[in-house]
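Contents: one structure, followed by commentary.
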Amino acid sequence: MTPTFIDLARQLTAAGRRFDHRGWVLGTSGNFSAVVSREPLRLAMTPSGAWKGDLAPEDIVEVDDGCQVLNGGSRPSAEAPLHVEIARQRHAGAVLHTHSVWATILSDQHAGKRGLAIDGYEMLKGLEGVTTHAHEEWIPIVENSQDMARLALTVRQTLSSHPDCHAFLLRRHGLYTWGRTLPEAIRHVEILEFLLEAVGRTADRSSNGGHQDSR
């Protein structure tokens, strides 16, 4: 059964509380969307400037593929064009964006390589289509910009160049991932945030000679 707008609104607000509890969408950071219809493309989306841990279903707005509000009294996230682009390019049913500490740090540390490779972790098998811990996941890193039209074009080019990636990072900003359904996208957030923290903590421990500073 296809979820209705109100079904998706309830699921998006529940995801907001879940991610806020984990510290992945502090303050007013993060934005989420889910596809209400494909033809024409319509998205249920979190509003701009809202604390994701305290959203109600009636706060969710519905937008078209031009990011114009069709339902709801608030403005959608300023990054709505990125959600539209990802929904189109990946035929995604949901797009989720988080701002965790580790995603922010690693997106800056690995920006020179334009991406981050993660392999050897059992948790990789939580990504759709991955069946072994030996998989190498490449997470592209995109330079952040306040010009959303230009950034959406860069995202389109990045997704085209990396057709197998499950996510990308915006430099000094955060993680974007998606799924065929909203539950799958939520799973991808949890898997990827785990992996980013594991990579970050391992690198931090190695740089300190394998010892924690006890001061």
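We did not get these values from a lab; they are worked out from the coordinates using the rules stated. These numbers come from a predicted model, not from an experiment. Heads up, the Cβs are rebuilt from the backbone with ideal geometry, glycines too, and the neighbour counts pull from every protein chain shown.
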Please list, in chain and number order, the residues 5+ apart from G115 or on another chain whose amide H is under 5 Å from its amide H, with Hs placed from the backbone. I141
Spin-label zone in the range 1-26 - amide nitrogen under 14 Å from a point set 7 Å from the Cα of R180 along the C-beta vector: 1
Considering only G72, A103, L41, whose Cα is most displaced toward the positive end of the charge dipole of the range 31-120, charges sitting on Cβ of Lys, Arg (+1) and Asp, Glu (-1)? A103
For the chain, size of Cβ-based charge dipole, Lys and Arg +1, Asp and Glu -1, in debye: 180 debye
Any chance you could check the Cα centroid distance between the range 149-181 and the range 42-80 for me, in angstrom? 20 Å
For T4 and Q89, compute 0.36 nm times the residue count separating them, minus their Cα-Cα distance, and round to one decimal in nm. 28.3 nm
Rounded to the nearest 0.05, what FRET efficiency do A56 and E122 have when you use their Cβ-Cβ distance and R0 = 25 Å? 0.10
What is the antiparallel percent of DSSP beta bridges lying wholly in the chain, to the nearest 5? 95 percent
Using a Gaussian network model on the chain with a 10 Å cutoff between Cα atoms, which of R171, R201, R88 fluctuates the most? R201
If I build a Gaussian network model for the chain, linking alpha-carbon pairs within less than 10 angstrom, which residue out of T132, T181, T154 has the largest mean-square fluctuation? T132
Across V36, V130, V63, the residue with the highest GNM fluctuation in the chain (Cα network, 10 Å cutoff) is V130
Per residue, what volume in Å³ does the Cα convex hull of the chain take up? 129 Å³
